[in-house]
Amino acid sequence: MGRWKEDAMENEENHNSEMLAAYLGVNHDELIELEYHVEEDTSNDGALYGFTVYFPDDTPQSFIDQLSGFDHSGYYVSLPPHWGEERDDDDYNPEEDSTPPDSSFSL
């Protein structure tokens, strides 16, 4: 793989982690220190229901506590399928979201 492609992939990964940190309301530097991973939640026929972000078992409780307001249990957080889309409304609340899903976003 060429250096340009590696840089582009790294920039995209950094952009996605910045968007995730902003969406979750956590510090980007704290988030990237964790070895989290994201999986798509899909139906058997491939319909995208959302994403699940898994955090390692040794994630500090202080970080987990910052995730209040999100559907989470222990060390994972469930996100809607369109979590990465830009919002016009600065007061956007993911719990009150009724926007139809857009499966064009991927991590």
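The values are calculated or read from the model by the stated rules, or taken from the named source; none is laboratory data. Since the structure is predicted, the reported quantities are computational estimates derived from the model, not experimental observations. Ideal geometry is used to build each Cβ from the backbone, glycine not excepted, and the neighbour counts take in all protein chains shown.
For the subset of region 32-79 comprising residues that are within 13 Å of the chain's Cα centre (by Cα) and of a type in the set (S, T, N, Q), which member is modelled with the lowest pLDDT?
So, considering only residues that are within 13 Å of the chain's Cα centre (by Cα) and of a type in the set (S, T, N, Q), the one modelled with the lowest pLDDT is 78.
Any residue in region 13-25 that's within 12 Å of residue 66 (Cβ to Cβ): show its pairings with residues that are modelled with pLDDT of 90 or more at Cβ separation under 9 Å, as long as the two are six or more apart or on different chains.
21/27; 21/28; 21/29; 21/30; 21/31; 21/32; 24/31; 24/53
Take region 31-70 and flag every residue that is touching a Ser or Thr at 6+ places or on another chain (Cβ under 8 Å) and more than 24 Å from residue 15 (Cα to Cα).
47
If I ask for residues that are assigned to a loop (DSSP other than H, G, I, E, B), surrounded by fewer than 14 Cβ atoms within 10 Å (Cβ to Cβ) and out of contact with any Pro (no Cβ under 6 Å at 6 or more places or on another chain), which ones from region 16-56 would you list? Break it down into steps so the answer makes sense when it comes.
Going through region 16-56, the residues assigned to a loop (DSSP other than H, G, I, E, B) turn out to be 25-27, 34-36, 43-47, 55-56.
From what's left, surrounded by fewer than 14 Cβ atoms within 10 Å (Cβ to Cβ): 25, 27, 35, 43-47, 56.
25, 27, 43, 44, 45, 46, 47, 56, listed by residue number.
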